[in-house]
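The values are calculated or read from the model by the stated rules, or taken from the named source; none is laboratory data. Note that the structure is predicted; figures quoted are calculated from it, not measured. Note: ideal-geometry Cβ built from the backbone for every residue, glycine included; neighbour counts use all protein chains shown.
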């Protein structure tokens with residue numbers, strides 16, 4: 001009898017592990033494909049003779065298309081199951097990935113970059129799929145493990161230059177396999193097809209579909225809840241800003257500290273890795289201590305770090321009597337941010353973002369257990385759109401003031417707004433839960 005009751009539990013655990021493992025590997029690959037133009041852009045610019053503006057649009061349109069369909073992808077996952085949706089998405093993305101390797105003009109490359117950006121929508125699929133398979137007390141950790149696939153942002157940074165240098169420009173098999181930078185998207189196209197086959201063969205045949213049979217409009221109803229939009233703002237801070245800084249930091253290191261590009265890329269990786277790999281830690285903390293408490297830690301760390309990073313180099317000038325200072329002025333509190341303190345603070349921002357990303361998504365199945373696809377899709381969509389809009393905002397703020405530190409002023413303000421909104425919401429919830437304590441700070445014993 002004991003053996004019989006244990007069998008379903010063992011089967012259930014095996015199925016969960018299959019879903020989590022395959023979805024995480026698939027998402028890592030899709031994330032690498034989504035952001036591959038960050039590295040491929042240099043040889044592409046050289047071959048096509050592009051300006052910096054033209055080059056920037058390749059990454060921008062890919063990021064945009066990787067954001068737009070997250071809501072729909074999440075809803076479809078709840079309705080039809082992650083196994084079907086993820087497999088189809090992998091196969092579809094393989095087509096434009098291959099076409100990128102064959103592009104012969106900038107216009108064609110821009111179109112294929114937009115289409116291959118569809119890979120970014122895989123995040124919503126994996127979130128809804130794993131939430132359907134894992135119990136509430138394990139969802140934070142499971143979603144954090146899956147979200148660690150964000151580390152795919154670094155995959156092309158590490159393998160791309162080596163592949164480009166080692167594969168001959170003429171390619172192989174008489175050019176059937178392209179060479180140079182074109183080999184990277186070709187390789188990704190092959191890997192996407194193989195991943196789709198593995199996804200279909202090695203995940204549970206009987207999938208979970210919490211939205212099956214529900215009307216489409218009913219699945220959209222939770223999006224009218226202001227809480228969903230608050231979670232979306234949180235995700236702009238911890239994910240949209242992560243995507244933006246991943247693209248912006250190499251330029252910052254080069255322009256502000258005068259580092260060569262390869263050093264700037266390596267130091268940027270010190271931000272990317274904790275911001276990606278610590279998601280499981282954030283999920284574990286959220287399961288154990290509560291997602292809202294973890295968000296307080298996240299916002300507090302980011303506010304402190306971005307405040308220090310936003311301070312411009314300079315000093316304070318005191319005007320003193322000439323009997324004390326012959327020229328009447330004294331310079332005090334000299335402040336200069338050198339590269340290593342800067343890197344340490346950016347690393348802390350990455351740690352906070354990695355933990356905070358998991359905490360945001362821990363909220364969703366708790367408040368919307370039947371609508372993880374729709375709510376998670378909208379939150380992911382708006383967060384990813386933040387990654388599209390923040391770099392131009394950084395650039396305009398810097399152009400307006402002439403200070404490169406305005407990048408972190410923008411992040412400080414955005415984080416402060418999110419933290420204040422969250423805290424006011426918590427206070428309102430506490431007042432509603434215990435109205436008799438509203439306005440009372442100290443306890444006065446009876447008869448005192």
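For the range 111-131, which residues satisfy the criterion of being in contact (Cβ under 8 Å) with a residue 24 or more places away in the chain and surrounded by fewer than 24 Cβ atoms within 10 Å (Cβ to Cβ)?
Of the range 111-131, the ones in contact (Cβ under 8 Å) with a residue 24 or more places away in the chain are 113-131.
Hits for the range 111-131 are 114, 115, 118.
Hey, can you tell me all the residues within the range 387-405 that are more than 24 Å from residue 64 (Cα to Cα) and assigned to a helix (DSSP H, G or I)? If you could, list the steps in order and put the result at the bottom.
Taking the range 387-405 and keeping what is more than 24 Å from residue 64 (Cα to Cα), we get 400-405.
Residues satisfying the conditions are 400, 401.
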Given the condition over 20 Å from residue 78 (Cβ atoms), in contact (Cβ under 8 Å) with a residue 24 or more places away in the chain and surrounded by fewer than 18 Cβ atoms within 10 Å (Cβ to Cβ), answer yes or no: does some residue in the range 140-156 qualify?
no
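Every residue, every condition in (1) touching a helix residue (DSSP H, G or I) at 6+ places or on another chain (Cβ under 9 Å); (2) under 27 Å from residue 93 (Cβ atoms), yes or no:
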site	(1), (2)
199	yes, yes
202	yes, yes
212	yes, yes
215	no, no
218	no, no
229	yes, no
237	yes, no
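If a residue must be part of a helix (DSSP H, G or I) and within 19 Å of the chain's Cα centre (by Cα), how many such residues does the range 57-85 contain? Show your work before the answer.
Let us first name the residues in the range 57-85 that are part of a helix (DSSP H, G or I), namely 57-68, 70-80, 82-85.
From what's left, within 19 Å of the chain's Cα centre (by Cα): 58-68, 70-74.
Residues flagged as part of a helix (DSSP H, G or I) and within 19 Å of the chain's Cα centre (by Cα) within the range 57-85 amount to 16.
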Can you report the number of residues in the range 151-181 which are in a helix (DSSP H, G or I) and over 30 Å from residue 274 (Cα atoms)?
4
Which numbered condition residue 177 fails, given (1) free of Cβ contacts under 8 Å to residues at least 12 places away in the same chain; (2) exposed (fewer than 12 other Cβ atoms within 10 Å of the Cβ):
(2)
When you scan the range 334-353, do you find a residue that is modelled with pLDDT of 85 or more, in a loop (DSSP other than H, G, I, E, B) and surrounded by fewer than 22 Cβ atoms within 10 Å (Cβ to Cβ), even just one?
yes
Which one is modelled with the lowest pLDDT, of the residues in the range 15-56 that are outside any helix (DSSP H, G or I) and surrounded by fewer than 22 Cβ atoms within 10 Å (Cβ to Cβ)?
51
Consider residue 363 against the criteria (1) closer than 18 Å to residue 245 by Cβ; (2) touching a residue at least 24 places away in the same chain (Cβ under 8 Å): it satisfies all of them except one. Which criterion is unmet?
(1)
Do we find a residue being part of a helix (DSSP H, G or I), modelled with pLDDT of 90 or more and under 15 Å from the mean Cα position of the chain (by Cα) anywhere in the range 209-229?
no
